[in-house]
Amino acid sequence: MTRQETTERALEGIRVLEYCDMVAGPYCGKLLADLGAEVIKVEEPPAGDRARRRGPFPNDIPHPEKSGLFLYVNTNKLGVTLNVRTATGRQIFRRLAQEVDVLIEDRPPGQMKAWGFDYEELSALNRQLIMASLTPFGQSGPYRDYRCYTLNLHHCSGHSTQFFIAKYLEPGHEPLPPGGYVGEYDGGLNTAIAIVAALFGRIAIGEGQQIDISKHETLLGLERVDVSRFADSSGASARIGMPVGGLMECKDGYVILIMPQDHQWKGLVEAMGNPEWAQREEYATELSRTQHTDEIQPRVAEWVSQFEKEELYHLAQSHNVPLAPVRSPADVFHWQQPQQRGFFAEIEHPQAGRLSYPTVSYKFSETPWRAERAAPLLGEHNEEVYCRRLSYSPQDLARLAAAGIV
Amino acid sequence: MAKKAPLEGIRVLDFTWAWAGPQASLILALLGAEVIKVESRRRLDHSRLRSLVAGPLAGPDESFIFNTLNLNKLSVTLNLSQPRAVEIAKALAQISDVVMENMRPGVMDRLGLGYEALRALKPDIVMLSSSAVGGSGPERLYTGYAPTFAAMGGLAYITGRPGGRPAPLMGAIDLRVGSTGAFAVLAALYYHQRTGKGQYIDLSSAEAVSALMGDAFMDYTMNGRVQERMGNLDQVMAPHGCYRCRAESEWVTIAVGSEEEWQSLCRVLGDQRLTEDERFADGYSRRQNQDDLDEIVGEWTAGRSAQEVMQSLQSAGVAAMPVYDGPSLAQDAQVEARGILTEVEHPAMGKKRVVGPMWRLSKTPAAIRRHGPLIGEDNDYVLGQLLGMSQEEMARLVDEQVIY
């Protein structure tokens, strides 16, 4: 065994039951599982998590065990199937909830109660249980039951270009959201924070509790600066002008340049080879530069346009100028920095094969990340969980399967 | 009796500044940790001075940005260019559980406050260093801000209109990095709780961004394909877009993800062009003909307010939400009903509204207990009460600009 395989992990010993779909809830489970918690993911037969039916798939051929989305957000978990629409399924769910420290669920508010799984009932069986509910708008308020996909979520929570960077909005064009599922991942991360906090709470008060997380509030929290600015609308002052920099085009793509501090401007002037035009006294301070953006910006843009983005990145950074290439996922994958830090790691999956996965951005000196296992196959751990832990016999399991319960 | 906060009894010594680091310690402070922010007039936290978006601010104690990012924290002013100030910081580290910082890699070491030095004083310390691209690797000294983290990590590339330019992302990126750091610290603290062992955490902001778009990397590692900008479109869903409403600047989003939702949408719109046209007969056809579909949906929204669209579609079970600009968001009914905005009394700025805790814990709630500190506001408590310094000594250190 290598040293790494013998090290402990930060959340070892924590047992989690995850009853979630798609990105947000499963990402929360993944964050805990990746740090060593034992996460049992419950999926509804026959099709399981909807993420299994969302791509990307290898060669675009849909396959429930090969969704890149599912594979990424479900690493290091055990997977069981369970149909809680049956009485026996609900009984089994209760037994599972009795065995764990944490339950994460993302059903529409009221659904868990209808099945007899609300916090009151489950905590009566397990006083130590921490139950986290993660939904678009939380468990109360007029939007509680509203439907909300990622698109709606981003735009109604302050993450639209409409919200505060109207200056980037080309006139006549629609507001834009951030790319991908980022707001969903945010919800998962925020729930994971609350769960570890509640583990501390349990030490303090001796029992578990209920956690209500709203994705909408999570995203408002991430825009807390601008939400505060607009909430006290007097603070919503317009800038004197646009600062020099921002998104700029170079030979093979784009870079972003942000340099609020004067020493950073000096670094840029150096990097440009101290051109005559940049020596003007009015350009020496941030405020006065911003008043002359119209003059400075085209000069800098012309200089930027002569370079390739990675070349310019190293040149600018060697002069302490905060400039970065706009990297595609491929560029990031081949970038030396995360490669050398081991950010991407290969994981073997019985159906999808050996693939590189992004891992974690935090390197722990004592309890490093490791891939214990790839995402579970649908029902892969039914026997392990139902027979070995809940003591059902193999015959019981066969009957449960025949009855469509697992 | 007031309820206990979950992190009561945990003390954090906080050397972070700007946005990302302070978000990480803010989360711990809202959850009840005692966070002591170490700062100095010699090099003020730039969130006390300026904003990339709003420009320069009135003064270091009048920053709405600093206030909202540093709620519940204590401020002690130590000029770390002076050896005596470093000694005081070490004494504070000795009585803390966590140390956090987001200076350029190497700076804490040069100050004598690196992990090895602090571990020698307090063997079980948990320390987080948060930097642009991580504290190891060939580019560890490279610097950046939220928009460059988003660019380096891949998220800016996949953000924007199809075929258009990438769209810069702003401050929320820093707060995502901070949330990631807070989670890592909490996990390390939990491990400490169980084993008594501390550890060092090295966080890369660019990698923190990449982790929030893992599926896009899987597309690349599986298929060698680079995910491109999609704007408001979805790979499979249609309608899935942002539609103009009656007022010029008002928009609403509508997304339909199932046949059942499509039927509901058709019922509400009552437009035969949707129900009688082959081109919209199933999910595949709707995605193929989404431009024509969007035109019909857009005609309907154009005669209504975003609120009307939301209410009529949501009551039929269709996902429709307004696109909020800054001021309208603060007046939203859900924001109001859940009390998301909380008023905080600030000694220099008066009443300020801020976003409350992002978690509702039923038995050990997170809470806002205090405004973001004035600079040096808690010197007496931290240096006098916690370290036992006399008033005379503190006065002398102020004169010597150690406390500064």
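Of all the helices (runs of 4 or more DSSP H) wholly in the stretch A:74-171, which have at least 2 residues that are without any contact (Cβ under 8 Å) to a residue 12 or more places away in the chain?
Passing ranges, in order: A:87-99, A:111-114, A:119-125.
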For the stretch B:210-220, check the following and say yes or no: at least one residue is closer than 17 Å to A:Gly183 by Cα, out of contact with any strand residue (DSSP E or B) (no Cβ under 7 Å at 6 or more places or on another chain) and not in a helix (DSSP H, G or I).
yes
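What tally of residues in the stretch B:148-166 results from selecting those that are without any contact (Cβ under 8 Å) to a residue 40 or more places away in the chain and either buried (at least 24 other Cβ atoms within 10 Å of the Cβ) or of a type in the set (Gly, Ala, Ser) (or both)?
3
Looking at B:Arg304, B:Arg286, B:Arg353, B:Arg360, can you tell me which residue is out of contact with any Gly (no Cβ under 8 Å at 6 or more places or on another chain), among the charged types (D, E, K, R), crowded, with 16+ Cβ neighbours inside 10 Å and in the same structural domain as B:Gly372 (by TED's automatic domain parsing)? If you could, list the steps in order and put the result at the bottom.
Working: B:Arg304 fails: in the same structural domain as B:Gly372 (by TED's automatic domain parsing); B:Arg286 fails: in the same structural domain as B:Gly372 (by TED's automatic domain parsing); B:Arg360 fails: out of contact with any Gly (no Cβ under 8 Å at 6 or more places or on another chain).
None of the others qualify; the one that does is B:Arg353.
Tell me the residue from A:Tyr185, A:Tyr119, A:Tyr143 that is assigned by TED's automatic domain parsing to the domain that holds A:Ala33, of a type in the set (Phe, Trp, Tyr), within 22 Å of the chain's Cα centre (by Cα) and at negative phi, please.
A:Tyr185 is the lone residue from the list that is assigned by TED's automatic domain parsing to the domain that holds A:Ala33, of a type in the set (Phe, Trp, Tyr), within 22 Å of the chain's Cα centre (by Cα) and at negative phi.
May I ask you to say which residue of B:Asp219, B:Asp234 is in contact with a Lys or Arg (Cβ under 7 Å, 6 or more places away or on another chain), within 19 Å of A:Ser67 (Cα to Cα), within 10 Å of another protein chain (Cβ to nearest Cβ) and not hydrophobic (A, V, I, L, M, F, W, C)?
B:Asp219
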Could you pull out the residue among B:Pro373, B:Pro322, B:Pro347, B:Pro327 that is within 29 Å of the chain's Cα centre (by Cα), touching a residue at least 24 places away in the same chain (Cβ under 8 Å) and within 14 Å of chain A (Cβ to nearest Cβ)?
B:Pro322
How many residues does the stretch A:369-400 hold that are assigned to a helix (DSSP H, G or I), over 32 Å from the mean Cα position of the chain (by Cα) and not small (Gly, Ala, Ser)?
8
State yes or no: is A:Leu220 within 14 Å of another protein chain (Cβ to nearest Cβ), part of a helix (DSSP H, G or I) and surrounded by fewer than 22 Cβ atoms within 10 Å (Cβ to Cβ)?
no
Conditions (1) more than 7 Å from chain A (Cβ to nearest Cβ); (2) surrounded by 19 or more Cβ atoms within 10 Å (Cβ to Cβ); (3) part of a loop (DSSP other than H, G, I, E, B): number failed by B:Arg246:
(2)
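Looking only at residues that are of a type in the set (Ser, Thr, Tyr) and within 17 Å of the chain's Cα centre (by Cα) in the stretch B:130-169, which one is farthest from A:Leu315 (Cα to Cα)?
Restricting to residues being of a type in the set (Ser, Thr, Tyr) and within 17 Å of the chain's Cα centre (by Cα), the top hit is B:Ser130.
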When only residues in the stretch A:351-368 that are in a loop (DSSP other than H, G, I, E, B) and touching a residue at least 40 places away in the same chain (Cβ under 8 Å) count, which is nearest to the other protein chains (Cβ to nearest Cβ)?
A:Glu366
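The values are calculated or read from the model by the stated rules, or taken from the named source; none is laboratory data. On a predicted model such as this, the values are computed, not experimentally measured, just so you know. Counting neighbours? That spans all protein chains shown, and the Cβs are built from the backbone with ideal geometry, glycine included.
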